[in-house]
Amino acid sequence: MPIHAANSGWVLETSQTAYAIGLNAAGLLAQRYWGARLPYPGDYPDPLNPVERTSFDSSAHMTPEEYPGYSALRFTDPAFLVSFSDGVRDVVLIYKDYSVIDTAKPELILRLQDAHYPLTIELHYRLHEAYDLIERWVTFENSGETPVLIKRAFSAKLTLPQGDHYFLSHMYGRHLDEYHIQKEPLVPGLKHVESRRLTTSHHSAPWFAASQNAQEFSGEVWFGTLAWSGNWKISAEVTEFASTRISIGLNDWDFAWKLMPGQPFTTPAAVIGYTQDGFHAASRTLHDYVRNELLPHGPQPHKVLYNSWEATLFNIDEASQAELAEIAARIGAELFVMDDGWFHGRLSDNAGLGDWWPDEVKFPRGLGGLIQKVNDLGMEFGLWVEPEMVNPNSDLYRTHPEWVIHFPTRARTEARQQLILNFGRPEVQNYMIAVLDKILRENNIAFVKWDMNRNVSEPGWENAPGDPRELWVRYVYGVYRVWSTLRERFPRVIWQSCSGGGGRADFGILRLADQIWISDNTEAIARLSIQEGFSQFLPAITMEAWVTDWGRDLVPLEFRFHVSMCGSLGVGGNLLEWSPAERDLAARCIQLYKEIRSIIQLGDQYRLISPQKSEFSALMYVNKEKTRGVLFVFRVVMPDPANLPVIYLKGLQPEALYRVEGFDRPRSGKAWMEAGIKIELKNLQSKVLKIEQI
Ligand code: DGJ
């Protein structure tokens with residue numbers, strides 16, 4: 001049993017790591033340890049009992065508490081904040097008891113109770129031993145008679161071992177330019193990254209990694225992510241006593257939850273981990289966890305898809321889509337996805353959202369004719385929807401203007417001429433379930449791309465069930481409810497999460513969607529960096545990547561294919577304009593991709609030379625058995641003569657012999673990894689090399 005409980009202390013052990021908690025002499029629940037697993041449960045340090053330093057530095061303030069509230073002389077950043085109905089905002093938490101759920105994924109629950117008020121807080125820890133990951137979430141319960149206002153409710157507070165200074169790695173970006181990795185020193189004070197946009201956001205990702213001297217393949221990394229598709233926050237605090245603490249959870253910005261008697265509130269789960277083997281190892285275990293534990297269809301390689309958006313925009317009808325489908329099938333696509341523009345009144349982005357039935361002019365026979373054609377061509381059919389949105393110019397909005405998120409006294413700010421339906425409202429959820437159910441029931445649809453193309457404004461909710469600020473959370477639960485109901489009803493359907501590209505990429509949505517459209521930027525050079533950032537926490541199987549015409553005049557088609565082949569390959573260019581030679585090349589690339597996709601989508605990814613740092617980059621994938629691999633190398637634009645770096649392969653068995661395509665003789669895995677290889681490329685050239693064990 002990996003959960004050890006003794007003497008008011010708990011040790012949680014995974015395969016290589018451990019996390020220890022305990023009650024200190026003052027009865028405070030404190031973190032004792034987070035790091036490498038030690039040989040014996042008795043090895044873990046006892047909880048700290050800091051001695052009050054002066055009247056300004058209390059003992060409680062200096063204790064690395066497991067889930068501190070605002071209370072007495074504590075001034076570090078609290079994990080939660082509440083306000084009782086009599087105005088008291090101070091919490092005195094007392095440890096009550098614990099329980100252990102002994103299953104394949106064992107769970108520890110620690111219960112804390114306020115000394116005076118009927119507020120109980122349960123801290124949950126679920127162990128994923130094989131992945132060295134712990135899932136953490138918190139439940140608040142009010143057993144009194146008056147509501148308690150929750151003003152903050154993080155999922156976890158984490159204290160890093162005292163020692164050297166830490167660096168925080170996180171991600172920033174924008175629409176069309178997501179997933180830049182930022183690594184910065186943590187200095188005394190508070191640093192936070194967040195989303196306030198209602199969705200996960202393009203601007204930052206709910207992922208962090210803290211490190212001291214770690215590199216890609218070595219060194220200690222403490223990391224985590226939040227399984228949530230709405231506003232989130234990660235804060236890192238370095239106290240005046242050099243204690244580094246990280247919080248992760250729901251964003252408390254404009255947040256409040258009225259905790260009604262008998263109605264618990266549960267936070268989303270944070271997934272946290274530790275490794276001694278660098279950023280690669282952190283990513284690898286998250287990738288495995290996503291593939292095996294989250295994705296609705298598990299580790300099943302995705303089909304090569306064709307998506308019509310960039311080719312035709314809103315200008316679609318049955319005949320033109322069928323024409324594209326014919327070429328798509330010829331070059332080897334297995335799934336044809338019709339994007340935006342197919343539904344009632346959708347001639348441009350000015351109208352139509354909300355009216356989810358086929359446009360009578362573009363599709364007078366409904367979708368059935370096109371779907372049959374696509375199926376006859378040997379492909380499955382996929383469809384685009386944007387269920388959370390409505391154009392003011394739509395029948396739905398004319399009927400239900402009250403359904404959108406708004407403040408009654410303010411103008412309703414539009415973005416892309418659209419407003420957001422309040423998915424927190426059950427009647428909106430039920431309506432959308434019925435509408436989408438009808439489309440899926442009446443048509444042979446194998447894939448749905450669920451899009452969301454704006455950020456929130458005027459976040460109001462008249463007659464909200466609790467505090468109007470519950471919108472931020474109720475909205476996301478509403479999206480989850482609609483999506484999961486449809487998933488249960490149509491289990492065969494593969495869903496893709498898109499929000500104008502990578503606006504909704506997180507562990508919460510990946511319980512519903514098998515794929516993510518990670519950026520609206522399909523320009524191959526920009527993609528190299530975007531894709532690398534994404535790989536920090538999400539695997540290639542989830543990363544839909546199209547080859548389009550963006551950058552066509554500059555970047556060769558083969559290069560563009562190679563970039564997209566690093567994920568789940570799709571094509572989105574206007575095939576009608578591709579020459580016979582381009583179509584032949586596309587067919588060859590797709591054929592090659594089909595031969596190697598199981599390695600890319602199900603294997604281990606190694607970032608060898610970063611495109612975020614270098615114009616010459618390399619990455620590879622190796623299957624779990626370490627018998628097959630594939631190496632991708634890209635050179636963007638470097639002045640000549642360029643001194644190209646040596647590429648050191650990774651992930652091979654040292655003693656086994658491997659052949660690397662293009663090299664005259666097999667060598668040991670150790671030789672490829674230690675001596676490395678040189679690949680000569682000219683500007684804007686790329687290579688894909690197969691690696692086979694012999
Ligand atoms: C934004 C998406 O990211 C695009 O791929 C496309 O689906 C458009 N929306 C359609 O409006």
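Yes/no per residue for (1) within 16 Å of the ligand (Cβ to nearest atom); (2) surrounded by 23 or more Cβ atoms within 10 Å (Cβ to Cβ); (3) free of Cβ contacts under 8 Å to residues at least 12 places away in the same chain:
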| site | (1), (2), (3) |
| --- | --- |
| ALA464 | no, no, no |
| ARG469 | no, no, no |
| GLY502 | yes, yes, no |
| ASP506 | no, yes, no |
| MET543 | yes, yes, no |
Fill in the blank from the handout: The number of residues in segment 192-214 that are closer than 19 Å to THR275 by Cβ and charged (D, E, K, R) is 0
Problem - Unmet criterion (only one of (1) more than 23 Å from SER201 (Cβ to Cβ); (2) away from the ligand (no atom under 16 Å from the Cβ); (3) touching a strand residue (DSSP E or B) at 6+ places or on another chain (Cβ under 6 Å); (4) not small (Gly, Ala, Ser)) for ILE248 - result: (1)
Handout entry: Flag if ALA325 is more than 23 Å from ARG492 (Cα to Cα) and away from the ligand (no atom under 16 Å from the Cβ)
Key = no
Handout entry: Condition met for LEU557 (crowded, with 23+ Cβ neighbours inside 10 Å and more than 28 Å from HIS297 (Cα to Cα))
Key = no
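To keep it simple, each residue is scored yes or no on (1) under 23 Å from the mean Cα position of the chain (by Cα); (2) modelled with pLDDT of 95 or more.
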residue	(1), (2)
PHE84	no, yes
ASP102	no, no
LYS105	yes, yes
TRP137	yes, yes
GLU145	no, yes
Exercise for the section: Please work out if THR225 is hydroxyl-bearing (Ser, Thr, Tyr), touching a strand residue (DSSP E or B) at 6+ places or on another chain (Cβ under 6 Å) and part of a loop (DSSP other than H, G, I, E, B). Expected result: no
Completion exercise
Selection from segment 1-55 of residues more than 24 Å from VAL271 (Cα to Cα) and basic (Lys, Arg) yields ARG53
Completion exercise
ASP376 meets each of (1) within 16 Å of the ligand (Cβ to nearest atom); (2) free of Cβ contacts under 8 Å to residues at least 12 places away in the same chain; (3) of a type in the set (Asp, Glu) with one exception, condition (1)
Completion exercise
Expected single match for surrounded by fewer than 21 Cβ atoms within 10 Å (Cβ to Cβ) and among the hydroxyl-bearing types (Ser, Thr, Tyr) among SER195, SER218, SER204 is SER218
Problem - Condition check for LEU370: at pLDDT 95 or above, assigned by TED's automatic domain parsing to the domain that holds ARG481, within 16 Å of the ligand (Cβ to nearest atom) and outside any loop (DSSP other than H, G, I, E, B) - result: no
Handout entry: Out of TYR40, TYR44, TYR33, sole residue that is more than 27 Å from LEU190 (Cα to Cα), touching a residue at least 12 places away in the same chain (Cβ under 8 Å) and assigned by TED's automatic domain parsing to the domain that holds HIS192
Key = TYR44
Handout entry: Residue identified as touching a residue at least 40 places away in the same chain (Cβ under 8 Å) and at positive phi among ARG416, ARG410, ARG425
Key = ARG416
Exercise for the section: Might you let me know whether segment 393-402 holds any residue that is in contact with a Lys or Arg (Cβ under 8 Å, 6 or more places away or on another chain) and open to solvent by 10 Å² or more (accessible area, probe 1.4 Å)? Expected result: no
Problem - In segment 299-315, the residues that are within 25 Å of the chain's Cα centre (by Cα), open to solvent by 60 Å² or more (accessible area, probe 1.4 Å) and within 12 Å of the ligand (Cβ to nearest atom) - result: GLU310
Practice task
Report yes if some residue within segment 340-352 is crowded, with 21+ Cβ neighbours inside 10 Å, of a type in the set (Gly, Ala, Ser), closer than 17 Å to GLU577 by Cβ and within 16 Å of the ligand (Cβ to nearest atom); otherwise report no.
Solution key: no
Practice task
Could you tell me whether segment 522-533 includes any residue that is within 12 Å of the ligand (Cβ to nearest atom) and not assigned by TED's automatic domain parsing to the domain that holds VAL622?
Solution key: yes
Practice task
Name every residue in segment 382-428 that is assigned to a strand (DSSP E or B) and within 16 Å of the ligand (Cβ to nearest atom), in order of residue number.
Solution key: GLY382, LEU383, TRP384, VAL385, MET389, VAL390, ALA415, GLN418, LEU419, ILE420
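Do we have ASP451 as on the phi < 0 side of the Ramachandran plot, open to solvent by less than 30 Å² (accessible area, probe 1.4 Å) and within 16 Å of the ligand (Cβ to nearest atom) here? Explain how you work it out, then say what you get.
On the way: on the phi < 0 side of the Ramachandran plot: yes; open to solvent by less than 30 Å² (accessible area, probe 1.4 Å): yes; within 16 Å of the ligand (Cβ to nearest atom): yes.
Criteria met by ASP451.
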Handout entry: Test: ASP288 is at pLDDT 95 or above, within 16 Å of the ligand (Cβ to nearest atom), open to solvent by less than 40 Å² (accessible area, probe 1.4 Å) and touching a helix residue (DSSP H, G or I) at 6+ places or on another chain (Cβ under 9 Å)
Key = no
Exercise for the section: Hand me the list of strands (runs of 3 or more DSSP E) wholly inside segment 61-117 holding 2 or more residues that are surrounded by 19 or more Cβ atoms within 10 Å (Cβ to Cβ). Expected result: 80-83, 107-114
Handout entry: The lone exception for VAL187 - which of (1) farther than 24 Å from THR285 by Cβ; (2) of a type in the set (Val, Ile, Thr); (3) part of a strand (DSSP E or B) it fails
Key = (3)
Practice task
Identify, by number, the condition in (1) within 18 Å of PHE447 (Cα to Cα); (2) small (Gly, Ala, Ser); (3) more than 32 Å from the chain's Cα centre (by Cα) that GLY341 doesn't meet.
Solution key: (3)
Practice task
Count, please, the residues in segment 429-445 that happen to be surrounded by fewer than 15 Cβ atoms within 10 Å (Cβ to Cβ) and either part of a loop (DSSP other than H, G, I, E, B) or of a type in the set (Phe, Trp, Tyr) (or both).
Solution key: 1
Handout entry: segment 471-499, subset in a loop (DSSP other than H, G, I, E, B) and touching a Lys or Arg at 6+ places or on another chain (Cβ under 9 Å), residue most open to solvent (accessible area, probe 1.4 Å)
Key = PHE490
Practice task
Residue by residue through segment 545-592, note down the ones that are part of a strand (DSSP E or B) and in contact with a Leu (Cβ under 7 Å, 6 or more places away or on another chain).
Solution key: ALA545, GLY570
Practice task
Run down SER519, SER497 and say which single residue is closer than 19 Å to GLU293 by Cα, of a type in the set (Gly, Ala, Ser) and within 14 Å of the ligand (Cβ to nearest atom).
Solution key: SER497
Practice task
Determine whether segment 552-563 contains at least one residue that is assigned by TED's automatic domain parsing to the domain that holds ASP339, within 16 Å of the ligand (Cβ to nearest atom) and at negative phi.
Solution key: no
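The values are calculated or read from the model by the stated rules, or taken from the named source; none is laboratory data. Not measured: the values here are computed from a predicted model. When we count neighbours, we look across all protein chains shown, and the Cβ atoms used for this are built from the backbone with ideal geometry, even at glycine. Side chains are part of the model used for accessible areas, which takes the heavy atoms of the whole protein and leaves out ligands, DNA and RNA. Shrake-Rupley method; radii C 1.70, N 1.55, O 1.52, S 1.80 Å.
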